[in-house]
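Worksheet: the structure to be examined is printed underneath.
The values are calculated or read from the model by the stated rules, or taken from the named source; none is laboratory data. Computed from a predicted model, the values in this text were never measured in an experiment. As a convention, Cβ positions derive from the backbone with ideal geometry for all residues, glycine included, and neighbour counts pool all protein chains shown.
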Amino acid sequence: MGLTGNVASGKSTVAELWRSWGVPVVSADVLARQAVLPGSAGLASVVRAFGEGILAPDGSLNRAALRRVVFDDDAARRRLEAIVHPSVRVLRDKWTDARRSWGVELLAWEIPLLYETGADREVDRVVFVDAPEAERERRMVQHRGLSSEEARAIMEAQGDPREKRSMAHHVIDNGGSLAALRARARQVLEACAEEVGCPLR
């Protein structure tokens with residue numbers, strides 16, 4: 001299954017719920033951080049592309065500095081994605097192959113850029129998590145320390161979610177309570193499992 005959604009929609013919460021019900025979920029964001037750890041070929045490539053100004057004093061990647069470089073520059077963002085995405089794909093496939101070798105049938109990839117990277121064509125079901133814009137903005141301001149202007153700029157850069165909603169097999173609306181999200185996440189998980197022939201135990 002492919003689990004996706006725009007920023008602050010709650011997809012990571014859904015991923016945690018699925019894990020608690022025994023379904024392995026790998027996060028592309030976590031893999032992206034692994035791909036640019038200090039000493040990695042990925043980080044060396046990022047530094048060659050964008051300069052040492054994107055490094056923290058300890059030699060790790062300064063994500064805030066890199067975000068400032070690429071956020072308003074489409075060419076720079078594409079250059080960064082061309083460096084990081086192939087490494088993420090390799091790590092993701094290794095993770096998947098390992099679990100397949102253990103006999104795991106039902107698993108999920110949590111990928112914010114699922115459609116943009118073409119990963120939607122590699123999964124049996126796509127689940128899109130969504131929430132009202134005002135709620136997503138509030139979450140980014142309260143939980144991530146962004147200003148309202150920064151939050152709105154990020155949401156605008158990700159575009160209108162309606163097209164992605166229409167392409168997904170299932171949509172989880174996360175504008176209400178955690179209990180409501182939990183119930184819907186379980187309902188969608190059971191539906192996906194049934195549809196791909198791997199009923200939950």
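Structure above, values below:
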read-out: Filter result for G42 (in a helix (DSSP H, G or I) and farther than 30 Å from R201 by Cα); value: yes
read-out: Whichever residue in region 90-106 is in a helix (DSSP H, G or I) and touching a residue at least 12 places away in the same chain (Cβ under 8 Å) and, among such residues, is farthest from the chain's Cα centre (by Cα); value: R99
read-out: Sole exception among (1) closer than 18 Å to L113 by Cβ; (2) buried (at least 16 other Cβ atoms within 10 Å of the Cβ); (3) at pLDDT below 95; (4) not acidic (D, E) for R77, by number; value: (2)
